[in-house]
Amino acid sequence: MSNEKQITKTEVVIVGAGPAGLGCAALLKQMGIEDQELIVLERGEVGESFLRWPKDMRLITPSFPSNGYHQTDLNAITPDTSPAFNAGKEHLSGEEYAKYLSMVVNHYKIQVTTHTELETVISRGPGKGFELVAGDFTIHCKFLIWAGGEFQSPNTTGFTGADLCTHNSMVKEWKTLEKGRYVVIGGYESGVDAAFNLVNNGNEVTLLDLNGEEQDTFDPSRVLSPYTAERLSNMSNAEGVEYDDNFEVSNVFKQGDGYVVQSTDGKEVFSQYPPINCTGFDIDLGPVTDFFVYQDNGYPWVSPFDESTKIRNVFLAGPRLYHDPTLLCFIYKFRGRFAAPCAVIAGELELDTSIFKHYQQAGMLLQELDCCKEQECFC
Ligand SMILES: Cc1cc2nc3c(=O)[nH]c(=O)nc-3n(C[C@H](O)[C@H](O)[C@H](O)COP(=O)(O)OP(=O)(O)OC[C@H]3O[C@@H](n4cnc5c(N)ncnc54)[C@H](O)[C@@H]3O)c2cc1C
């Protein structure tokens, strides 16, 4: 039996079969990339993060099948697909959205190697590509797109004692939690979602947030979405709901059978159960962490083609893209950047870029990177 390692050679490897990775893959397929030139690696199933969402969680961005009128469904990852069309719903669950992603995989015939985690990446030298190790596989490729997402890297270090809390991404189903009063830390989209579902399942909730003032921004993903604002407003009339929007958590510690949550200015709230931590996710680029240089706010620096400023031919796709002042944290935003790495790859592999015009007409080609700065809504 030979001990020789089997090496697969390809041109492009995309890590992550979520909306970012599959959006780039679907575009490359439409540009004519050959099957053997593209591998998508996924540690779980297609749409793994969405499959891990708490059962009651919904996309807050509404879906609507308006693509035919050049107004692409806000959650679509290609101009010619629509999650609303498939699911017949405006606010899809994680499972429904993962099903949509699987349909995209089938439709564009994208090869996804599932249950395969990328562990190590070695640069083989300038212009010589990369060696990737994923379980038993070794892959040599020229281009690498990191689309590993954020959901699987919960922020559990934001305050002292965060490890005593239950991060909301770890809850499988809100109805399975014991009934009682819960403290929810973080009053943004996830915090309101947690509070709403806890109340709906017969619990009482204290919702703690540090930023009660309306922010001076027109960026719809930096203030509460209308969906969440409406839920918060409905919930505020419910019995057993307390909301402190001026509570910056500094510390959580155990006391007797419960937990004390302390604020930076000395306020205290007692919680019978582990507080629910809804403070978001870390910036974690896994095995390509050292392939990027980082901005003061922790986001990786990228070129105008979303390429690492440190190592050529390594690209970033998805919610960790930050082109100051624009944070591309939602699907309808970062999908506008699928064409950025694909344009560089197209130049080298001589792919057909004529599809970009279709993406542009569909609002899926974002070149103005300070788009939210001047956008004012008058009413
Ligand atoms: C509660 C909640 C509600 C949201 N609602 C909306 C919304 O309404 N609208 C919106 O636009 N956005 C919404 N978002 C944000 C949106 O879900 C994310 O921005 C989006 O899922 C990111 O897509 P992605 O493909 O980058 O990441 P993911 O969907 O997380 O995909 C990354 C994939 O990479 C895989 N992976 C990671 N590391 C490795 C590795 N080393 N090897 C192999 N595979 C790996 C993971 O298994 C995963 O499948 C919401 C997020 C949350 C948490």
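The values are calculated or read from the model by the stated rules, or taken from the named source; none is laboratory data. Because the structure is predicted, anything quoted here is derived from the model rather than measured. Don't worry about glycine lacking a Cβ; one is built from the backbone with ideal geometry, like all the others, and counts go over all protein chains shown.
Observations, loosely collected:
- Test result for Thr120, buried (at least 18 other Cβ atoms within 10 Å of the Cβ), among the polar types (S, T, N, Q) and over 20 Å from Ile355 (Cβ atoms): no
- For region 269-301, a tally of residues being of a type outside the set (A, V, I, L, M, F, W, C) and touching a residue at least 60 places away in the same chain (Cβ under 8 Å) returns 12.
- Scanning region 230-247 for residues that are surrounded by 13 or more Cβ atoms within 10 Å (Cβ to Cβ), aliphatic (A, V, I, L, M) and modelled with pLDDT of 95 or more turns up nothing.
- Residues located in region 30-62, provided they are crowded, with 16+ Cβ neighbours inside 10 Å, assigned to a loop (DSSP other than H, G, I, E, B), modelled with pLDDT of 95 or more and more than 9 Å from the ligand (Cβ to nearest atom): Met31, Ile33
- Given (1) touching a Ser or Thr at 6+ places or on another chain (Cβ under 6 Å); (2) of a type in the set (Asp, Glu); (3) part of a loop (DSSP other than H, G, I, E, B), number of the condition Glu178 does not satisfy: (1)
- Among residues that are more than 17 Å from Gly149 (Cβ to Cβ), hydrophobic (A, V, I, L, M, F, W, C) and either within 19 Å of the chain's Cα centre (by Cα) or crowded, with 17+ Cβ neighbours inside 10 Å (or both), Leu101 is not included.
- Residue that is nearest to Lys29 (Cα to Cα) [pool: residues in region 291-325 that are among the polar types (S, T, N, Q) and either crowded, with 19+ Cβ neighbours inside 10 Å or not assigned by TED's automatic domain parsing to the domain that holds Leu27 (or both)]: Asn313
- If the condition is being more than 14 Å from the ligand (Cβ to nearest atom) and touching a residue at least 60 places away in the same chain (Cβ under 8 Å), then region 188-199 contributes only Leu198.
- Cβ pairs under 9 Å, 6+ apart, first in region 72-90 and not assigned by TED's automatic domain parsing to the domain that holds Tyr108, second at pLDDT 95 or above: none
- Scanning region 302-346 for residues that are part of a loop (DSSP other than H, G, I, E, B), within 16 Å of the ligand (Cβ to nearest atom) and free of Cβ contacts under 8 Å to residues at least 40 places away in the same chain returns Asp306, Leu321, Leu328.
- Only one of Trp146, Trp174 that is surrounded by 15 or more Cβ atoms within 10 Å (Cβ to Cβ) and outside the structural domain of Pro226 (by TED's automatic domain parsing): Trp146
- Filter result (more than 16 Å from the ligand (Cβ to nearest atom) and part of a helix (DSSP H, G or I)) within region 224-241: Ser233, Asn234, Met235, Ser236
- Residues in region 63-88 that are modelled with pLDDT under 95 and under 21 Å from Ala229 (Cα atoms): there are none.
- Test: His115 is within 15 Å of the ligand (Cβ to nearest atom) and either more than 18 Å from the chain's Cα centre (by Cα) or modelled with pLDDT under 95 (or both): yes
The rows are residues; the columns are (1) farther than 18 Å from Phe291 by Cβ; (2) touching a Lys or Arg at 6+ places or on another chain (Cβ under 6 Å); (3) away from the ligand (no atom under 15 Å from the Cβ).
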site	(1), (2), (3)
Leu132	no, no, no
Gly148	no, no, no
Leu164	yes, no, yes
Ser169	yes, no, no
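- So Ala26, is it modelled with pLDDT of 95 or more, small (Gly, Ala, Ser) and farther than 25 Å from Ser169 by Cβ: yes
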